[in-house]
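One structure below.
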Amino acid sequence: MTDTKTEMVHDTQKDLSGVAMLVLWPVAIVLWGYCMLALWGWFVVPLWPSAPRVGAAQFVGVRLVAALWTGYRPPDKKVEEAEGFALLRLALVRSFGMPLLILVMGWIVHRFWV
């Protein structure tokens, strides 16, 4: 491929990755909220019966507040070096893989140890 064509493909990948991240970001926030809701119901409410029953919307809000509290983190080397679809893949793993992994681990503990 010529350099111009390669640059054009690279720019298109960057644009598509950016759009995909903007579209998937709210979904990831809701997923984190759902995971927090499930873990709260599995572990906190049985331990302290007086703990409030909190809905998914409140946990989405808690996730957003937590994001504000933690502030900006400078990206690590992987993020700085990733471009295009590699950056999208990394964002998907961090945004969806982590809460799902935590949820599965919590489910295993809840199902077999509690």
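The values are calculated or read from the model by the stated rules, or taken from the named source; none is laboratory data. Computed from a predicted structure; not experimentally measured. Please note: Cβ atoms are built from the backbone with ideal geometry, for glycine as well, and neighbour counts cover all protein chains shown.
In the stretch 22-65, which residue that is among the small types (Gly, Ala, Ser) and in contact with a helix residue (DSSP H, G or I) (Cβ under 7 Å, 6 or more places away or on another chain) is modelled with the lowest pLDDT?
Narrowing the stretch 22-65 to residues among the small types (Gly, Ala, Ser): 28, 33, 38, 41, 50-51, 55-57, 61.
Cutting the leftovers down to in contact with a helix residue (DSSP H, G or I) (Cβ under 7 Å, 6 or more places away or on another chain) gives us 28, 33, 38, 51, 56.
Working: ALA28: 87, GLY33: 86, ALA38: 91, ALA51: 85, ALA56: 81.
Only one residue fits best here, namely ALA56.
For the structure I just gave you, tell me whether VAL104 is modelled with pLDDT under 80, part of a helix (DSSP H, G or I) and out of contact with any strand residue (DSSP E or B) (no Cβ under 9 Å at 6 or more places or on another chain). Step through it out loud before you land on a result.
Numbers: modelled with pLDDT under 80: no; part of a helix (DSSP H, G or I): yes; out of contact with any strand residue (DSSP E or B) (no Cβ under 9 Å at 6 or more places or on another chain): yes.
So VAL104 does not fit the description; no.
Of all residues in the stretch 33-48, which are within 15 Å of ARG111 (Cα to Cα) and touching a residue at least 60 places away in the same chain (Cβ under 8 Å)?
Matches in the stretch 33-48: ALA38, LEU39, TRP42, PHE43, PRO46.
Could you run through the stretch 66-87 and say how many residues are assigned to a helix (DSSP H, G or I) and either farther than 20 Å from ILE29 by Cα or modelled with pLDDT under 75 (or both)? Write out each step before concluding.
Applying the first criterion (assigned to a helix (DSSP H, G or I)) to the stretch 66-87 yields 66-70, 77-81, 84-87.
In the following step, the residues that additionally are either farther than 20 Å from ILE29 by Cα or modelled with pLDDT under 75 (or both) were identified as 77-81, 84-87.
Residues that pass the stated criteria total 9.
Could you tell me which residue of the stretch 16-26 is surrounded by the fewest Cβ atoms within 10 Å (Cβ to Cβ), considering only residues that are closer than 19 Å to LEU100 by Cα and in contact (Cβ under 8 Å) with a residue 12 or more places away in the chain?
Among those that are closer than 19 Å to LEU100 by Cα and in contact (Cβ under 8 Å) with a residue 12 or more places away in the chain, it is TRP25.
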